[in-house]
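> I am attaching a structure below and will ask some questions about it afterwards.
The values are calculated or read from the model by the stated rules, or taken from the named source; none is laboratory data. These figures come from a predicted structure and were not determined experimentally. Using ideal geometry, Cβ is built from the backbone for each residue, glycine included, and neighbour counts are taken over all protein chains shown. Side chains included, ligands, DNA and RNA excluded: accessible areas come from the protein's heavy atoms. Shrake-Rupley method; radii C 1.70, N 1.55, O 1.52, S 1.80 Å.
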Amino acid sequence: MTIAIYPGTFDPFTNGHLDIVQRALRLFDKVIVTVARNSSKNPMFSEKERLKLIQESVKGMKNVDVELFDGLLVDYAREKKATAIVRGLRAISDFEYELQMALMNRKLNNAFETVFLMPNEKYTYLNSNIVREIARLGGNVSEFVPSVVNNALRQKLKK
Ligand code: ADP
């Protein structure tokens, strides 16, 4: 059984993230979406909210687990018996950071490969940051995020 982990902050989970999960499922028997606690980023949604929104977004999809994680990714991957770390690559601008992370993770543990997947072109300009910004300004983000996320954004911004 081949297992991949797909780590990220997912603040919030978008259709771009979902697209990557679907692509990863074509290559691996199981994909574990791992939600980084990432307190340094001061997220809009708490880790529990992010976890729940992803679980709801992938409901009905087989072979996807969603978990919270803290600590070193390579330790987590070993614990989960994963052989690959999946990351999405949208544009050249993602590349430098992603290359650095991939090489550093390899240095820390040579047992894993980082696999980069390109989303459908329509998601290449999409990121969680922009989604949060548009929603904050009262724009409609329903075509960019799963409906549970859209509802959660509205709820959050009402407060
Ligand atoms: P980070 O892990 O840097 O906090 P995110 O949680 O936003 O970033 O994203 C997690 C992973 O998903 C990263 O590999 C990122 O490049 C990828 N990703 C984010 N948005 C998209 C998108 N629209 N299409 C494809 N991949 C994406």
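> Going by the structure shown, is K81 assigned to a helix (DSSP H, G or I) and either modelled with pLDDT under 95 or surrounded by fewer than 12 Cβ atoms within 10 Å (Cβ to Cβ) (or both)? If you could, list the steps in order and put the result at the bottom.
Numbers: assigned to a helix (DSSP H, G or I): no; either modelled with pLDDT under 95 or surrounded by fewer than 12 Cβ atoms within 10 Å (Cβ to Cβ) (or both): yes.
Taking the combined requirement at face value, the residue does not satisfy it.
> Let me ask something else. Regarding Q55, is this residue in a helix (DSSP H, G or I), within 13 Å of the ligand (Cβ to nearest atom) and surrounded by fewer than 20 Cβ atoms within 10 Å (Cβ to Cβ)? Lay out the reasoning, then the answer.
Details: in a helix (DSSP H, G or I): yes; within 13 Å of the ligand (Cβ to nearest atom): no; surrounded by fewer than 20 Cβ atoms within 10 Å (Cβ to Cβ): yes.
In short, no.
> In region 113-153, which residue that is more than 13 Å from the ligand (Cβ to nearest atom), open to solvent by 70 Å² or more (accessible area, probe 1.4 Å) and not in a helix (DSSP H, G or I) is nearest to A24 (Cα to Cα)?
Only one residue tops the list, namely E113.
> Still on this model: Which pairs do you get when a residue that is over 15 Å from P43 (Cβ atoms), found in region 148-159, comes within reach of a residue that is open to solvent by less than 40 Å² (accessible area, probe 1.4 Å) and hydrophobic (A, V, I, L, M, F, W, C), reach meaning Cβ atoms under 7 angstrom, with the pair 6+ apart or on two chains?
Between residues of region 148-159 that are over 15 Å from P43 (Cβ atoms) and residues that are open to solvent by less than 40 Å² (accessible area, probe 1.4 Å) and hydrophobic (A, V, I, L, M, F, W, C), the close pairs are V148/L53; N150/V141.
> Continuing with this model, one more query. May I ask you to list the residues in region 84-109 that are part of a loop (DSSP other than H, G, I, E, B), of a type outside the set (A, V, I, L, M) and within 12 Å of the ligand (Cβ to nearest atom)?
Residue satisfying the conditions is R90 alone.
> In addition: Please go through region 1-49 and pick out each residue that is of a type outside the set (G, A, S), without any contact (Cβ under 8 Å) to a residue 40 or more places away in the chain and in a helix (DSSP H, G or I).
Q22, L25, R26, K41, E47, K48
> Could I ask something else about it? In region 89-109, how many are open to solvent by 100 Å² or more (accessible area, probe 1.4 Å) and more than 27 Å from N120 (Cβ to Cβ)?
Total meeting the criteria: 3.
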